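Here's the structure, in structure tokens; my notes come after.
Throughout, read-outs are computed from the coordinates displayed, never taken from laboratory work. From a predicted model like this one, the values you see are computed outputs, not experimental measurements. Cβ: placed from backbone, ideal geometry, glycine included. Neighbour counts: every protein chain shown.
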């Protein structure tokens, strides 16, 4: 325990030296367990595996911190996502919830209700997807640094293609903000000399629909006879592409990589169609988000930039300015987990 | 004599239906009050209206359209188009005070477009407004692309989010004022009577010298304008617009009107019924939200309520069986 505290202090010091803002003396916090606070975990919508995993992570933290209060997992239906999120945010404020943990799907339309919740004393912690303007948001728990994802994808391409070859990107929808940011980051990474022999030949979109993605993947193979890799930065696209290559017996020629869920990818990784892919752990994201929200809602954290705390098994985290959204605050979870034949089975459980 | 007795029978049935709605509403309000300590607070009662305010304003005009034996599926898309047009023009630097009348004109023009094809060309409103549902939405998405537009002037956001008279915001006042005006128009004026007559039988109405085309034109222009107004209220309430504003709202609006006892075949229903249905849906949603029943379960419960209430009164079991027997005997 003592050793942990010392290392916390060291980490806080390191963080402090990197930030411009003056750090208060109480910057490093061990959260006091057992305080009662009701909190709401609000995903984009219900019925998506990764959000259920985030819920599991939050439940784990809830039990670990011995919070006698209630952890609610409520969300809208997909077709009613925006209005539903606003409604739940508003209701949570009415109920006097301690914190709402939001994976925002409503853009800035959530701002008035989030601000009203803050005025009512409810802390608003976003995770997975932030409030674009940062208004009405205490802090964003970011899964990864959106810039670093490009390097991870370039590295996976490098390792699968053995340093040289053609690759194509199969993304979600043409206007998906996160995927576009990740592809741009990968294109930037590919400029580096290490990846000089890797050629990005095309970027196509499967609209995050399994059948469209499946057909697009096959069309890519027809169009580019020398294609060695399909990189799909979406869990729907990577699975559909892998299935397409497997069904057509093309796995020897064209490999698949990108961002995928271990549970959905395990068979393709073991049979070599998708030897390597990456994703952050949504259980960890839910766990870290819960610790953050608990600290804020119980008043143990103030949410200032430079503040550090220990998030249970995950260790030390510091609130910093979000480089992508100046003037807002984030906690960076990171890094990626890269899955391959060695670790995919365990993660798929 | 037969007409008089049909009318009185209809009136009796409508009264029973509204009576049933009142009972259902009282039951839901009592349940909510008993189960949630926050339900009867003023701020929650305001939120209850505010969260659905745009839909319920449009539902008032939709009542006229459906009684007239027509339908307007394009209202949700028009709300989206109006909100996006506001955002777009605001971003182009047009004075927002000027943008508001322009957006209302866009609503009137969109309604007139529907009205033209329905009343002058004679196409079914289901087809015409299905086309404009897609068209208006497409236009909205073209205007704002995949961006959110935000940072509207403070006074505009305040109108949508804060109290105008005490704690009561503009939109709620607008709803009740509009209800009062439309109630008089529908239940107490010649225009209202024409709406029923045309809805019951358009040919008879035309034969009796009513200009049915003009009447329908007025209704669709009103529907477009009020939808645009509702779209502006939405933009002010959430302080931001995106291409998907009010997506799918038309179905919620139409179900509220049908729950209110308005016949989908036209000719019957009242504005009071629509108001009661609105209050039932709003209170049920709010009560379930306060009890943390959300998502698919909430949709399911409201769905079951609507199936039960919209279908049951319309399936006259005895009459239905009787018709079947007749059909069998004929064949």
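For this structure, a couple of remarks:
- From helices alone, chain A scores -13000 deg cm²/dmol at 222 nm; the rule is -39500 (n - 2.57) for each run of n ≥ 4 DSSP H residues, then divide by the residue total.
- Value of relative contact order over chain A, rounded to a whole percent, pairs C-alpha under 8 Å and six or more apart: 21 percent
- Segment B:100-200: mean projected area of Cα convex hull, nm²: 9.4 nm²
- Diffusion of segment A:148-278 by Stokes-Einstein, at 20 °C in a medium of 1.002 mPa s and with Rh set to the Kirkwood radius over alpha-carbon pairs, works out to 153 µm²/s.
- Cα pair count fraction exceeding 29 Å, expressed as % - segment B:51-276: 25 percent
- Per principal axis, descending, Cα span of segment B:81-149 in whole Å: 40, 25, 11
- Here the mean projected area of the convex hull built on the C-alpha positions of segment B:189-296 is 8.9 nm².
- In the protein assembly as shown the Cα-Cα distances spread across 20 Å bins starting at 0 as 16, 42, 31, 9, 1 percent of all pairs.
- Modelled spin-label separation between residue B:189 and residue B:296, with each label point placed 7 Å from Cα along the Cα-to-Cβ direction: 4.7 nm.
- Normalising the average separation of contacting C-alpha pairs (under 8 angstrom, six or more residues apart) by the number of residues puts the relative contact order of segment A:148-278 at 27 percent.
- log10 of Debye I(q)/I(0), alpha-carbon scatterers only, for segment A:83-134 at 0.16, 0.17, 0.28 Å⁻¹: -0.35, -0.40, -1.13
- Highest-MSF residue in chain A out of A:64, A:211, A:79 [GNM, Cα springs under 10 Å]: A:79
- Calculated over chain A: convex hull of Cα atoms, volume per residue (Å³): 139 Å³
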